[in-house]
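Reviewing the structure listed below.
The values are calculated or read from the model by the stated rules, or taken from the named source; none is laboratory data. Keep in mind it's a predicted model, so treat the numbers as computed, not measured. Here the Cβ positions follow ideal geometry from the backbone for every residue, glycine too, while neighbour counts run over all protein chains shown.
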Amino acid sequence: MPELPEVETVVRTLNRLVVGKQIDDVRVLLNRIIQAPREPEQFSGALKGQTIHGIERRGKFIRFLLDDLVLVSHLRMEGRYGVYQEDEPLEKHTHVIFHFTDGTELRYRDVRQFGTMHIFAAGEEWSQPPLHKLGLEPLDESFTLKAFRERIAGRTTKIKPLLLNQEYVAGLGNIYVDEALFRSGIHPERTAESLTRKETERLHEAIVHTLREAVDAGGSSIKSYVNGQGEMGMFQQQLSAYGRKGIPCPQCGTLIEKTVLGGRGTHFCPRCQKPKRVRRRVPSGPPRTDL
């Protein structure tokens, strides 16, 4: 958390708030956030004088498009951006401050301190970590049913851990994988190779529709997520499976169950998402007897 819809919401908000602003200085209050260049002084020096021309998302990553640089930011579990006047009190857990020439500031707060920031020369970010191995972008036109089928075909991995792997589909996390699997009627422990063509089609459609609806709702405010203006997302009110252990399924009334799969809490309806039955082959004739 945050996942694709929450990051997309932050990106859209920041595009309204900081595009066109010029960076006057950068203060780094927690060195571990800065990954490239490793030295905070080099990080601040590279950004000084740069103007923000646009902000884009790739998977769960935020790309700040500057004059000739790209700042790649990952919020991890609880990272937040907020825009403030420079004389406003500094909140606890504020780790990076971008001072703009107009007297405003973009502040990055992170209670868990897991977020990261990398600077690259424009264009070089695609060939290096952390963006170089990201999989299909589920809200892009390139996320076709054909591309999705080819990406997961023949995989013996259980479908939920596979969808959480960012090298297959970028941006999906625990919340929206549970929701997409519920919508498509697929048990989270099914292997990717066991899915029929129809099931794969339903899953593809469920991923796209779930993410689009979540983006439209501003994401899900679970735990501490808010957007760049401190506003909560509202998609948590539409969740059918995630976080609903012991609550009746909205489709059949069976109580939602929770298990742990790949170290992640996993919610599903045992009736709507039944595991695929394995048919046993029955011998057609009498058993063979070797003399």
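Out of the residues in the stretch 178-236 that are surrounded by fewer than 23 Cβ atoms within 10 Å (Cβ to Cβ) and β-branched (Val, Ile, Thr), which is modelled with the lowest pLDDT? Once the filter is applied, the top-ranked residue is Ile222.
Checked against the criteria, Glu41 does not count as assigned to a loop (DSSP other than H, G, I, E, B) and more than 22 Å from the chain's Cα centre (by Cα).
Might you check whether a residue that is under 23 Å from His132 (Cα atoms), within 16 Å of the chain's Cα centre (by Cα) and assigned by TED's automatic domain parsing to the domain that holds Thr259 occurs anywhere in the stretch 180-196? No, there is no match, as no residue in the stretch 180-196 is under 23 Å from His132 (Cα atoms), within 16 Å of the chain's Cα centre (by Cα) and assigned by TED's automatic domain parsing to the domain that holds Thr259. Restricted to the stretch 249-271, and to residues there that are part of a strand (DSSP E or B) and of a type in the set (S, T, N, Q), the residue that is nearest to Gln238 (Cα to Cα) is Thr266.
Suppose the filter is in the same structural domain as Val10 (by TED's automatic domain parsing) and assigned to a loop (DSSP other than H, G, I, E, B); does Phe114 pass it? Judged against the criteria, Phe114 is a match. Go through the stretch 18-37 and give me each residue that's surrounded by fewer than 16 Cβ atoms within 10 Å (Cβ to Cβ) and touching a residue at least 12 places away in the same chain (Cβ under 8 Å). Of everything in the stretch 18-37, those that are surrounded by fewer than 16 Cβ atoms within 10 Å (Cβ to Cβ) and touching a residue at least 12 places away in the same chain (Cβ under 8 Å) turn out to be Val19, Gly20, Gln22, Asp25, Arg27, Leu29, Leu30, Arg32, Pro37. Here Asp25 meets the list (1) under 27 Å from Gly173 (Cβ atoms); (2) modelled with pLDDT of 95 or more almost entirely, failing just condition (1).
Condition check: in a loop (DSSP other than H, G, I, E, B), in the same structural domain as Ile175 (by TED's automatic domain parsing) and at pLDDT 55 or above. Does Lys274 satisfy that? Answer is no for this residue. Within the stretch 237-253, being modelled with pLDDT of 90 or more and at negative phi holds for Ser240, Ala241, Tyr242, Arg244, Lys245, Ile247, Pro248, Cys249, Pro250, Gln251, Cys252.
The set of residues from the stretch 66-96 being in a strand (DSSP E or B) and either small (Gly, Ala, Ser) or under 15 Å from Leu17 (Cβ atoms) (or both) comprises Ser73, Gly79, Arg80, Tyr81, Gly82, Val83, Tyr84, Gln85.
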